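Notes follow once the structure below has been shown.
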Amino acid sequence: MLELNVQTIAFLIFAILSLGGALGVVTSRNLIHGALYLIVSLFGGAGFFVLLSAPFIAVVQVLVYIGAIAILIIFAVMLTRSMTGMRELFNRQWWLSAIVGILLFLLLAIAVILPVWGANGSKPNLPVADQVATTQDLGVALVDGNQYVLPFEVASLLLTGAMIGAIVIARDTED
Amino acid sequence: MVPLSMYLLVAAGMFCIGVYGVLARRNAVAILMSVELMLSAVNINLIGFWRYGAPLQIAGQVFSAFVFVIAAAEASVGLAIIISIYRNRRSVTVEDVNLLKG
Amino acid sequence: MQATCVDVIETLAPCLTAGGLDPGIAQFLSILIGVALVGLFPLVLVILLIWLERKIAARVQDRWGPNRVGPFGLFQNLADAVKLIIKEDITPAGADRLIYNLAPIVAVLSTILIWAAVPFSPVHIGADLGIGLLYFVAVSSIGTLSVMMAGWASNNKYALLGSFRVVAQLVSYEIPLVLALLVPVLLTGSMGMQDLVRAQQGMWFIVPGFVSAVIFYISNLAETGRAPFDMIEAESELVAGYNIEYSGMKFGLFMANEFMHAFTANLLFSVIFLGGWSGPLANQVPVLGFVWLMVKTFIVYIPSLILRATIPRVRIDQMMSFNWKFLVPIAIVNVIMIAFLLQIIKAIGWLPEPGNTNFFAHVPMAIILLVGNLALIAAVVTMLRNAGRRERQAEPVPASDDERAIVAVH
């Protein structure tokens, strides 16, 4: 099904990084280790974006997620360390959550993904076009009046609001 | 090229691991990390569909860029709230934030 | 060998294939050798850099510097490296072993990865990414992660505090860095590094983008932890910051990373603003392009060494307010002004078409943009002068009632 070439090997490496990092995040006792596993998983995601011919999104994933959000999470972990240490990792319904997670995955895989895009589905081999939209198209689309300039401006307003809100909430109120 | 179903399966796997993390962990920061996992899985899905479905239209990458924006805004505000709760209650276990419980 | 195999670096893969090797393996081998060359060059260069720094700092301070080991003290750093290697490898008790050992490796990794996308000559570049500039910023942000890991894994309160301050500084100064990089992207129309250098064949970007060059240089000084922003390795304060608990070759890696990072940042400055490999005869003899690049980098790097020996350190709150209240507004106004002026130039028709390498065709555009930059600098200096004057002539604070009562009694 998958021929053995460099792309398949790269895909397998990134898949192991993503899924292994994800498992590490949800099962790590030490939260700093969890944050580092998250970084590994996000690197796997960035690798996927490179394989899918979206280099700008890959670099933005490294820059925004790993360079900013992951560092923010590490700061938050260090600032909120409980004195007694973690007593228990999971709450009382962890087995129910595991069942829900596995069922959701089976639902997605068997009922949605494989029947349509799987080997025996209705669209098994989608052609991979050579021409893709470039980063320049992305830049034009974000400021073009007929395309996505309005969501772009709203997104910048959202970021400004989030920034002000975060500063106000987390500020040390001097009395 | 690797068929689209493999990318979708990996993204679904990451999403479901994130769901398990959100539902089962007690620490608020760990729940936030699992939410970031879910958002990343959604991004992989979007870009996979863009590449195989409509690579000449830039809408897929634009959507993905907006997911980044939302994730950043949500992570910063969420962590500010967690730090504020920690200052008041000295605990970030979500089970301890139960003042409104009947 | 055939005539194509003269330039070994460029045509290694066809050489090997012509010699009978499988094309896939030949490609893989040539990539591997290229990676090894590009990765080892900065590591070997750092020995020269540390020697240069010690000599220049010594001469500024009116002393000799290392001059015992080897001619002019050139082998001093080899001796230091040997000393660091044979030191005992201590891990503090309670430290997180994996992260403790990983932090210096991630730091050096983030610096060497930058060299993969730098254009060394018209034909030699590791990987000509379409988004080269953004790649450089993204990889620098991995370096902040290594500082965090080092500070936390040392199991030491002072290391943690030091790493907090360092991460705050590094994350803050990324913003004027990226804003200053927007101007060369505007002038080029692309983020790729080779496109950037090719677009400077007519006029180096330091002339139309003078303010952004200055902002980029200052942000580089802060990002790499060079003076006057060297809170990172403030030896006299905080007991040396986040790398207290590191000794031996791990500390050596952190030190080497600092010098390599400074050199790499100046390498990028000369690629983006000083024309990179362009110079006389660079197009005909590609290796000469590499020589020009190194010459320009050293010309930009040596002032930062002299700055280090001259200017006192900036306090952390002064550094933060300098960034947020001074650099970021200037960078934003600079981008808006350059974009505005570029549109005016395009409307007038003075913008030379891309690919035009004639110097005089770029002069009108460069003059207008340079005048705009100087006007911005003049406006900023005027505002600073007025603010200073207002502060000097401020009303003295009226005395409190107690003071007036005491004065009245006497």
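What is the one condition in (1) facing chain A (nearest Cβ under 7 Å); (2) crowded, with 24+ Cβ neighbours inside 10 Å that B:Ala11 does not satisfy?
Status for B:Ala11: all satisfied but (1).
Among the numbered criteria (1) surrounded by fewer than 17 Cβ atoms within 10 Å (Cβ to Cβ); (2) within 30 Å of A:Pro55 (Cα to Cα), which one does C:Ser121 miss?
It is condition (1) that C:Ser121 fails.
Among (1) surrounded by fewer than 20 Cβ atoms within 10 Å (Cβ to Cβ); (2) β-branched (Val, Ile, Thr); (3) within 30 Å of C:Val178 (Cα to Cα); (4) at the interface with chain C (Cβ under 10 Å from one of its Cβ atoms), there is one condition A:Val6 misses while meeting the rest; what is its number?
Just one mismatch for A:Val6, condition (3).
Kindly establish whether B:Ile81 is facing chain A (nearest Cβ under 7 Å), of a type outside the set (S, T, N, Q) and under 18 Å from the mean Cα position of the chain (by Cα). Please lay out each step first, then the result.
Details: facing chain A (nearest Cβ under 7 Å): yes; of a type outside the set (S, T, N, Q): yes; under 18 Å from the mean Cα position of the chain (by Cα): yes.
Taking the combined requirement at face value, the residue satisfies it.
Six or more apart or on different chains, Cβ under 8 Å: which pairs go from a residue in region A:38-57 that's more than 7 Å from every other protein chain (Cβ to nearest Cβ) to one that's outside any helix (DSSP H, G or I)? Could you list them?
A:Leu51/B:Val2
List the number of the failed condition for C:Ala138; all other conditions in (1) surrounded by 22 or more Cβ atoms within 10 Å (Cβ to Cβ); (2) without any contact (Cβ under 8 Å) to a residue 12 or more places away in the chain; (3) not in a helix (DSSP H, G or I) hold.
Only one criterion is unmet by C:Ala138, namely (3).
Listed here are the residues, each with its yes/no results for (1) hydrophobic (A, V, I, L, M, F, W, C); (2) surrounded by fewer than 20 Cβ atoms within 10 Å (Cβ to Cβ).
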site: B:Val35; (1), (2): yes, yes
site: B:Ala65; (1), (2): yes, no
site: B:Ser76; (1), (2): no, no
site: B:Leu79; (1), (2): yes, no
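Among the listed residues A:Ala98, A:Ala109, A:Ala141, identify the single one that is surrounded by 12 or more Cβ atoms within 10 Å (Cβ to Cβ), closer than 30 Å to C:Leu186 by Cα and within 7 Å of chain B (Cβ to nearest Cβ). Walk me through how you get there before you give the answer.
Values: A:Ala98 fails: closer than 30 Å to C:Leu186 by Cα; A:Ala109 fails: closer than 30 Å to C:Leu186 by Cα.
Step by step, each of A:Ala98, A:Ala109, A:Ala141 is checked, and only A:Ala141 is surrounded by 12 or more Cβ atoms within 10 Å (Cβ to Cβ), closer than 30 Å to C:Leu186 by Cα and within 7 Å of chain B (Cβ to nearest Cβ).
Can you find, within region B:15-52, the residue that is nearest to the other protein chains (Cβ to nearest Cβ) among those that are among the polar types (S, T, N, Q) and out of contact with any Gly (no Cβ under 8 Å at 6 or more places or on another chain)? Quick ask: steps written out before the conclusion?
Initially, region B:15-52 is screened for residues among the polar types (S, T, N, Q), giving B:27, B:34, B:40, B:43, B:45.
Next cut, out of contact with any Gly (no Cβ under 8 Å at 6 or more places or on another chain) only: B:27, B:45.
On the way: B:Asn27: 7, B:Asn45: 10 Å.
My answer is B:Asn27.
Facing chain B (nearest Cβ under 8 Å) and either buried (at least 20 other Cβ atoms within 10 Å of the Cβ) or modelled with pLDDT of 95 or more (or both): is that true of A:Gly34 in this structure?
Values: facing chain B (nearest Cβ under 8 Å): yes; either buried (at least 20 other Cβ atoms within 10 Å of the Cβ) or modelled with pLDDT of 95 or more (or both): yes.
Against the criterion (facing chain B (nearest Cβ under 8 Å) and either buried (at least 20 other Cβ atoms within 10 Å of the Cβ) or modelled with pLDDT of 95 or more (or both)), A:Gly34 qualifies.
Take region B:63-78 and flag every residue that is at the interface with chain A (Cβ under 7 Å from one of its Cβ atoms), farther than 16 Å from A:Val62 by Cα and among the small types (Gly, Ala, Ser).
B:Ala73, B:Ser76
Hey, any hits in region C:194-208 for a residue that's within 14 Å of chain A (Cβ to nearest Cβ), part of a helix (DSSP H, G or I), among the acidic types (Asp, Glu) and more than 30 Å from C:Pro122 (Cβ to Cβ)? Working first, answer last.
Step one: list which residues in region C:194-208 are within 14 Å of chain A (Cβ to nearest Cβ), which gives C:195.
Remaining after also requiring part of a helix (DSSP H, G or I): C:195.
Filter again for among the acidic types (Asp, Glu), leaving C:195.
Pick out the ones that are also more than 30 Å from C:Pro122 (Cβ to Cβ) and you get none.
No, region C:194-208 contains no residue that is within 14 Å of chain A (Cβ to nearest Cβ), part of a helix (DSSP H, G or I), among the acidic types (Asp, Glu) and more than 30 Å from C:Pro122 (Cβ to Cβ).
Which ones in region C:141-166 are within 25 Å of C:Ala116 (Cα to Cα) and free of Cβ contacts under 8 Å to residues at least 24 places away in the same chain?
Selection gives C:Met148 alone.
Among the residues of region C:303-354, how many are assigned to a loop (DSSP other than H, G, I, E, B), free of Cβ contacts under 8 Å to residues at least 60 places away in the same chain and more than 25 Å from C:Leu179 (Cβ to Cβ)?
3
For region B:53-62, state whether one or more residues are within 8 Å of another protein chain (Cβ to nearest Cβ), part of a helix (DSSP H, G or I), within 19 Å of A:Ala15 (Cβ to Cβ) and not small (Gly, Ala, Ser).
no
What do you reckon, is C:Gly275 free of Cβ contacts under 8 Å to residues at least 24 places away in the same chain and in contact with a helix residue (DSSP H, G or I) (Cβ under 8 Å, 6 or more places away or on another chain)? Don't jump to the end; show me each part of the working.
Numbers: free of Cβ contacts under 8 Å to residues at least 24 places away in the same chain: no; in contact with a helix residue (DSSP H, G or I) (Cβ under 8 Å, 6 or more places away or on another chain): yes.
Answer is no for this residue.
Condition (residue is within 24 Å of C:Pro119 (Cβ to Cβ) and not β-branched (Val, Ile, Thr)) applied to region C:302-319: is it met by at least one residue? If you could, list the steps in order and put the result at the bottom.
Of region C:302-319, the ones within 24 Å of C:Pro119 (Cβ to Cβ) are C:302-304.
Next cut, not β-branched (Val, Ile, Thr) only: C:303-304.
Yes.
Check off (1) over 15 Å from A:Val50 (Cβ atoms); (2) within 11 Å of chain A (Cβ to nearest Cβ) for C:Ile105 and give me the number that stays unchecked.
With (1) over 15 Å from A:Val50 (Cβ atoms); (2) within 11 Å of chain A (Cβ to nearest Cβ) applied to C:Ile105, the lone miss is (2).
Every residue, every condition in (1) at pLDDT 85 or above; (2) loosely packed, with under 15 Cβ neighbours inside 10 Å; (3) of a type in the set (A, V, I, L, M), yes or no:
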position	(1), (2), (3)
C:Arg315	no, yes, no
C:Lys325	yes, yes, no
C:Asn334	yes, no, no
C:Leu341	yes, no, yes
C:Trp350	no, no, no
C:Asn356	no, yes, no
C:Phe359	no, yes, no
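Of everything in region C:209-230, what is farther than 26 Å from A:Gly67 by Cα and either in contact with a His (Cβ under 8 Å, 6 or more places away or on another chain) or surrounded by fewer than 23 Cβ atoms within 10 Å (Cβ to Cβ) (or both)? Give them in sequence order. First the steps, then the outcome.
Filtering region C:209-230 down to residues farther than 26 Å from A:Gly67 by Cα leaves C:209-211.
Correct list: C:Phe210 only.
Name every residue in region C:66-109 that is over 21 Å from C:Ala159 (Cα atoms), among the small types (Gly, Ala, Ser) and either modelled with pLDDT of 80 or more or part of a helix (DSSP H, G or I) (or both), in order of residue number.
C:Gly73, C:Ala79, C:Ala81
Hey, A:Ala22 hits all of (1) modelled with pLDDT under 90; (2) more than 30 Å from A:Pro127 (Cβ to Cβ) but one; which does it fall short on?
A:Ala22 satisfies every listed condition except (1).
The values are calculated or read from the model by the stated rules, or taken from the named source; none is laboratory data. Small disclaimer: the values here were computed from a predicted structure and weren't measured. As a convention, Cβ positions derive from the backbone with ideal geometry for all residues, glycine included, and neighbour counts pool all protein chains shown.
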